[in-house]
Each structure stands twice: as C-alpha cells, then as structure tokens.
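Undergrad: Quick one: structure below, then a few questions.
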Amino acid sequence: MSPTTVKPKTTTKTKVKLERPPLYKVILLNDDYTPREFVVSVLKAVFRMGAETASRVMLTAHQKGACVIAVYTRDVAETKAKEATELGKAKGYPLFFTTEKEE
Ligand code: TYC
C-alpha cells in the first residue's frame, strides 16, 4: 500500500471592498434676469421639488448668490444640471446650474 499524503486544505478569502460612488452637488447660481417664477418651475420639474421647497431654494440663491439644491451620483448630477440650464437657455435666460464634487 502506498503512503497517502494529506494535502492541507487552504482557503483563500478575498475581501471585496465596496466603495460608495462619489457624490456631486448641484448648485443653482443667481442672476439678475431669470424670472423668479421660472426658476421655481424648473426646480419643480427637474428636481422634483414641491412648491414651497422650490420657492425657498430660489430665494436662497437669489439672496446669497448660490444654493446647493441636491446631491446625486456624477452622471445624474451632470445630466440634471444640464437639463435645467437648457430649459432657461431655451427661453433666453442666463439661468445656470453647475456641479461640484462633494468632499
Ligand atoms: N435674481 C432673479 C430675479 O431677481 C431671480 C433668480 C433667483 C434667478 C435665483 C436665478 O438662481 C436664481 N429675477
């Protein structure tokens, strides 16, 4: 009978590190020309805000110069900022939404 060799069992554990995707802020910038009601309507349509929130956000941007309005993954933030800016552009307004990576 041949001797049996016992192979020790080895297990390899791979730790999968799941990182959250970085988030991006969408920022509304004030300007002197876009009508307040139009800003509110864009916030409601693109960012799904209720009338009160949209008015409050618009007023904050109006008074402070800018207002962070929402946080999304990069793709969503950039798409929404572009879409909202385009709505103003189509009406000839300088309304502008920008994005910034969250620290
Ligand atoms: N400042 C504009 C006005 O007085 C209104 C406005 C508010 C425009 C917020 C842009 O992000 C803005 N008509």
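Read-outs: derived from the displayed coordinates by stated rules, not from any lab. Since we're looking at a predicted model, the values are computed, not measured. When we count neighbours, we look across all protein chains shown, and the Cβ atoms used for this are built from the backbone with ideal geometry, even at glycine.
Undergrad: Under the condition of being over 26 Å from residue 54 (Cβ atoms) and either among the hydrophobic types (A, V, I, L, M, F, W, C) or free of Cβ contacts under 8 Å to residues at least 24 places away in the same chain (or both), which residue from region 15-34 is farthest from the ligand (Cβ to nearest atom)?
TA: 15
Undergrad: Could you please give the count of residues in region 37-72 that are within 12 Å of the ligand (Cβ to nearest atom), closer than 20 Å to residue 91 by Cβ and not hydroxyl-bearing (Ser, Thr, Tyr)?
TA: Number of matching residues: 12.
Undergrad: What single numbered condition from (1) within 17 Å of residue 38 (Cα to Cα); (2) of a type outside the set (Asp, Glu); (3) touching a residue at least 24 places away in the same chain (Cβ under 8 Å); (4) surrounded by 15 or more Cβ atoms within 10 Å (Cβ to Cβ) fails to hold for residue 99?
TA: Only one criterion in (1) within 17 Å of residue 38 (Cα to Cα); (2) of a type outside the set (Asp, Glu); (3) touching a residue at least 24 places away in the same chain (Cβ under 8 Å); (4) surrounded by 15 or more Cβ atoms within 10 Å (Cβ to Cβ) is unmet by residue 99, namely (1).
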